[in-house]
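Visitor: One structure, pasted below without further comment.
The values are calculated or read from the model by the stated rules, or taken from the named source; none is laboratory data. Everything quoted here is computed from the prediction, not taken from an experiment. Heads up, the Cβs are rebuilt from the backbone with ideal geometry, glycines too, and the neighbour counts pull from every protein chain shown. Side chains included, ligands, DNA and RNA excluded: accessible areas come from the protein's heavy atoms. Shrake-Rupley method; radii C 1.70, N 1.55, O 1.52, S 1.80 Å.
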Amino acid sequence: MTSGLVLGIETSCDETGVGIVRVDADGTTTLLANEISSSVEEHARFGGVVPEVASRAHLQAMVPAVHRAMATAGITARDVDAVAVTAGPGLSGALLVGVAAAKAYAAAWDVPLYGVNHLAAHVAVDTLQNGPLPPALALLVSGGHSSLLSVPDLAGPVTPLGATIDDAAGEAFDKVARLLGLPFPGGPHIDRVARDGDPSAVAFPRGLTGPRDAPFDFSFSGLKTAVARHVEALERAGTPVPVVDVAASFQEAVVDVLTAKAVRAAREHGMDVLCLGGGVAANSRLRALAQDRCDAAGLVLRVPRPVLCTDNGAMVAALGAHLLARDAAPSPLALPADSSLPVTEVLVG
């Protein structure tokens with residue numbers, strides 16, 4: 001098993017993330033730096049991420065973020081043993097910035113390059129807080145993904161068990177927040193106001209939970225439409241919209257489905273560990289309900305602290321560190337950025 005320092009680069013969406021992780025000979029990983037530069041404020045006025053704006057922001061933030069991360073870790077270029085980068089999935093232009101930067105650093109420093117999968121990195125980041133990950137069922141929930149994955153080993157293969165068929169959970173949070181007059185990104189604001197609301201005030205639908213529905217797939221488009229119709233009906237009647245109750249009821253509908261399907265998948269596939277990741281994993285109600293249901297089912301729940309749930313370079317460095325420790329063959333310098341990289345491909349060879 002190889003030890004060393006890995007610098008990770010993440011640019012799949014609107015965060016420029018640079019992380020540095022040390023992996024020891026026994027496979028233990030330690031986070032040394034996690035620098036994040038977000039362009040979310042530049043997108044807020046559009047109500048969503050604008051790919052060209054994100055790409056330009058990555059170009060401006062990349063080199064300063066690398067310098068800050070190395071200064072925080074107290075290292076120089078000569079100390080880096082490998083560079084890891086998100087090769088996909090994500091926004092094409094944004095990915096290209098990170099991949100190009102990673103290639104340049106790897107070539108200049110003469111170290112291996114690992115092009116890794118964004119979703120697998122969201123699972124790997126858990127090891128920085130909770131230690132080596134046993135075979136686990138991973139529930140990844142973000143603005144672009146709602147996925148249930150069987151992860152016997154971080155190096156792969158990863159087997160998809162279910163995914164969203166329309167809006168991802170984070171996307172639904174953003175759209176409902178807009179309906180309720182809350183700022184972008186919607187997830188944190190709905191989480192905040194929902195704490196004062198009644199989650200049973202409105203009986204919103206739970207998508208794909210019927211006996212004939214795909215047991216591990218997700219659908220939140222109908223839920224979003226139900227919220228919109230509820231709000232429109234109140235407005236037509238001249239009734240004030242109880243934002244806190246609508247937010248709480250919507251949030252409960254989302255996390256109810258996510259956690260119920262995750263626990264069911266873990267049971268049916270004989271897994272004792274549920275790993276929760278992705279930006280929506282920072283949601284306080286999702287974390288609480290997942291813990292309650294895992295406790296009731298006798299499952300171990302592993303959830304990184306919120307700063308490690310959102311997109312960041314630490315997660316990429318963590319997966320890169322695992323691959324370095326396993327002496328995995330590095331990616332070629334001709335590594336492409338693949339916006340639709342399948343989750344089954346952990347390392348781009």
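Visitor: Does region 320-328 contain at least one residue that is out of contact with any strand residue (DSSP E or B) (no Cβ under 9 Å at 6 or more places or on another chain) and either among the hydrophobic types (A, V, I, L, M, F, W, C) or assigned to a strand (DSSP E or B) (or both)?
Guide: no
Visitor: Select from region 179-211 the residues that are part of a helix (DSSP H, G or I) and either small (Gly, Ala, Ser) or under 22 Å from the mean Cα position of the chain (by Cα) (or both) and list them in ascending order.
Guide: If the condition is that a residue be part of a helix (DSSP H, G or I) and either small (Gly, Ala, Ser) or under 22 Å from the mean Cα position of the chain (by Cα) (or both), then Gly186, Gly187, Pro188, His189, Ile190, Asp191, Arg192, Ala194 are the ones that fit.
Visitor: Going by the structure shown, is Ala290 touching a Phe, Trp or Tyr at 6+ places or on another chain (Cβ under 9 Å), of a type in the set (Gly, Ala, Ser) and open to solvent by less than 60 Å² (accessible area, probe 1.4 Å)?
Guide: So Ala290 fails the test.
Visitor: Residues Pro330, Pro242: which one is closer than 22 Å to Ala155 by Cβ and either open to solvent by 40 Å² or more (accessible area, probe 1.4 Å) or of a type in the set (A, V, I, L, M, F, W, C) (or both)?
Guide: Pro330
Visitor: What are the pairs with Cβ atoms under 6 angstrom where one residue, in region 224-242, is closer than 20 Å to Ala194 by Cβ and touching a residue at least 24 places away in the same chain (Cβ under 8 Å) and the other, located anywhere, is among the charged types (D, E, K, R) and assigned to a helix (DSSP H, G or I)? Sequence gap at least six, or different chains.
Guide: Taking only residues 6 or more apart or on different chains, the pairs are Lys224/Lys175.
Visitor: Tell me, which residue of region 74-94 that is part of a helix (DSSP H, G or I) and in contact with an Asp or Glu (Cβ under 8 Å, 6 or more places away or on another chain) is least open to solvent (accessible area, probe 1.4 Å)?
Guide: My answer is Ala94.
Visitor: Residues being under 17 Å from Gly143 (Cα atoms), open to solvent by less than 20 Å² (accessible area, probe 1.4 Å), in a helix (DSSP H, G or I) and touching a Gly at 6+ places or on another chain (Cβ under 8 Å): count how many of those fall in region 248-279.
Guide: 1
Visitor: Restricting to region 124-162, name every residue that is within 15 Å of the chain's Cα centre (by Cα) and under 17 Å from Val348 (Cα atoms).
Guide: Of everything in region 124-162, just one residue is within 15 Å of the chain's Cα centre (by Cα) and under 17 Å from Val348 (Cα atoms), namely Ala124.
Visitor: Let me ask something else. Considering only region 288-319, state which residues are closer than 30 Å to Gly197 by Cβ, assigned to a helix (DSSP H, G or I) and either hydroxyl-bearing (Ser, Thr, Tyr) or touching a strand residue (DSSP E or B) at 6+ places or on another chain (Cβ under 7 Å) (or both).
Guide: Ala290, Gln291, Cys294, Cys309
Visitor: Answer yes if at least one residue in region 88-98 is more than 22 Å from the chain's Cα centre (by Cα) and among the polar types (S, T, N, Q), and no otherwise.
Guide: no
Visitor: Out of everything in region 229-247 that is assigned to a helix (DSSP H, G or I) and not aliphatic (A, V, I, L, M), what residue ends up being nearest to the chain's Cα centre (by Cα)?
Guide: Of everything passing the filter in region 229-247, Asp245 is nearest to the chain's Cα centre (by Cα).
Visitor: Also, quick follow-up: Considering only residues that are among the acidic types (Asp, Glu) and open to solvent by 50 Å² or more (accessible area, probe 1.4 Å), which ones fall in region 101-150?
Guide: Scanning region 101-150 gives a single hit, Asp110.
Visitor: Please tell me if Gly98 is among the small types (Gly, Ala, Ser), surrounded by 21 or more Cβ atoms within 10 Å (Cβ to Cβ), assigned to a helix (DSSP H, G or I) and modelled with pLDDT of 95 or more.
Guide: yes
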